[in-house]
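Please treat every number below as a calculation from the coordinates, not as lab data. The shown structure was predicted, so the numbers you read here are calculated from the model rather than taken from an experiment. FYI the Cβ positions are ideal-geometry reconstructions off the backbone, even for glycines, and counts take in every protein chain you see.
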Amino acid sequence: MRIAIFSDDSLPDSTRVHAKMLHELALELKSNGHEPVILTPGHKAQSRLVVDFIDDIEVWRFRSNPTRSGNKLKRAITESLLSVNAYLAISKKVATRPFDLYINYSPTIFFGPLIRLLKHRFGGYCYLVLRDMFPQWAIDEGLLRKGSLITKYFQFFELFNYKTADCIGVMSDANKRFFQEQYPQFDNVKVLYNWTSLEPYRENISDEDDIRTQLSLENKIIFFYGGNIGHAQDMGNLLRLVNSMKNHPDAHFLFVGQGDEVDLVVEAKDRLNLDNLTYLPSVSQSKYQSILSQVDVGLFSLAKTHKAHNFPGKLLGYMCQSIPILGSINSGNDLVRFIRDEQAGYVYVNGDDSSLFSSAICLLEDSTLRKQTGDNAYRVLCQYFSVKSAAAAIVDDSHQLTVY
């Protein structure tokens, strides 16, 4: 099959987990004899369409303003134009060799119109990989007002995405139940777990990449958080843990990433004198993998106000490096099944600070426990979250309607 993968970000420049996930999916699809093409926004100064190859994967970059602008209005406008800019760039090229399968990764919610038009003109099957129920989480967090004009605007495109999809793949059973409660009109919903390659990072650590030497952490147990630092993560939750661990000099917290709560982290570090916390801005994918291979505990946090049940992609990176997991979730999230029940780490409902602290102390003081839970995390990864399984599930579903 000829397969188009739509993403709002891509390698090699992206620091986001989903860019890596989609690249690995493309590699797996190619290894199975398919022809994947990643379609993604490029730069505003480029020609209308730039085609290049990364690891022998064809990538089409259409001209676009930055989709990660710090200005929310500019970002909304840019993303709203994704389908228009992409269609102008790719329509003639697609006409010569249409796609059989469209894999639409959401977020963003704005590729729906493009895929609807391509399906109408050329046919094909659309698999929506739904990882983030926007704008619902923004309403839950109070960032958008329910019933407002802008909220209705986003909800229009959200529903357009769902209506365009032949199959909607959500992250977990709990998410499937929540989705079907919210949108009972859609009966084409399946569980598609997040995925990753099962190969850990095994490169020798250069002096340039040795974070223990660079940050003077040679004898520390490093608690690591990597990824988006925003409202959806509730970084205040992790900052409370950092503050409570100040009297344990063997522990150090390293936060790496970007987002709209970076200022909160930096301000709290200064205000609370958090000498046990280091913040670094986003790094390249290779640098990130190198860091993962050097840390001891992987942290995550989800805002307790969430109604949807996210499975943060960062957890797969932790699992792949056999790192024990420590984190907080919203009530009802079935992440418990994969972490606590599988003894791959410790997870609590956001707000249970005392339990989070107690487990952090256990992981700090017991190297055998860290080793055992880390090994269990890798076992869970292999059992549920391989890219091979994800690719097979998407292709198998596409056989239902696609004729090629």
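Here are the numbers for this structure:
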| quantity | calculated |
| --- | --- |
| Of all DSSP beta bridges in segment 30-118, antiparallel share, percent nearest 5 | 55 percent |
| Loop-located trypsin sites (Lys or Arg not before Pro) in segment 228-294 whose Cβ has at most 16 other Cβ within 10 Å (DSSP) | Lys246 |
| Between segment 215-278 and segment 94-170, the Cα center-to-center distance that results, in Å | 34 Å |
| Charge tally in the Cβ shell below 13 Å around Thr78, where Lys, Arg are +1 and Asp, Glu are -1, Thr78 excluded | +3 |
| Relative contact order (%) - criterion: Cα under 8 Å, at least six apart; region: segment 230-379 | 23 percent |
| Neighbour net charge for Lys20 - beta-carbon separation under 15 angstrom, K R +1, D E -1 | -3 |
| Segment 291-339 shape via C-alpha gyration tensor axes, a/c threshold 1.5 | prolate |
| Helical mean residue ellipticity (222 nm; -39500 (n - 2.57) per DSSP H run of 4+; nearest 500) of the chain | -12500 deg cm²/dmol |
| Loop-located chymotrypsin sites (Phe, Trp or Tyr not before Pro) in segment 135-203, at most 16 other Cβ atoms within 10 Å (DSSP) | Phe186, Tyr201 |
| Cα-Cα over 31 Å, subset of Lys72/Lys388; Lys93/Lys314; Lys119/Lys304; Lys92/Lys152; Lys44/Lys287 | Lys72/Lys388; Lys93/Lys314; Lys119/Lys304; Lys92/Lys152 |
| Share of Cα-Cα pairs in segment 1-58 lying beyond 16 Å, as whole percent | 40 percent |
| Rg/Rh for the chain, where both radii come from Cα atoms and Rh is the Kirkwood radius | 0.96 |
| Cα lying deepest toward the dipole's positive end in segment 331-403, options Ser389, Phe357, Ser367, charges on Cβ | Ser389 |
| Magnitude of the charge dipole, segment 270-404, Cβ model with Lys/Arg +1 and Asp/Glu -1, debye to 20 | 240 debye |
| Per-q log10 I(q)/I(0), segment 311-351, q = 0.22, 0.24, 0.28 Å⁻¹ (Debye; single scatterer per alpha-carbon; no solvent) | -0.66, -0.78, -1.03 |
| Under 14 Å, Cβ to Cβ, from Ser386 - net charge with Lys/Arg +1 and Asp/Glu -1 | -1 |
| Relative contact order [Cα under 8 Å, 6+ residues apart], the chain, whole percent | 15 percent |
| Of Leu254, Leu280, Leu335, the one that fluctuates the most in a GNM where the chain has Cα springs shorter than 10 Å | Leu280 |
| Simple Cβ-charge dipole of the chain, Lys/Arg +1 and Asp/Glu -1, about Cα centre, in debye nearest 20 | 1580 debye |
| Cα-centre dipole for segment 141-204 with unit charges at Cβ (Lys and Arg positive, Asp and Glu negative), debye to 20 | 280 debye |
| Normalised contact order of segment 195-253, rounded percent, pairs of Cα under 8 Å and 6 or more residues apart | 39 percent |
| Cα gyration tensor category, rounded, prolate or oblate, for segment 1-139 with a/c compared to 1.5 | rounded |
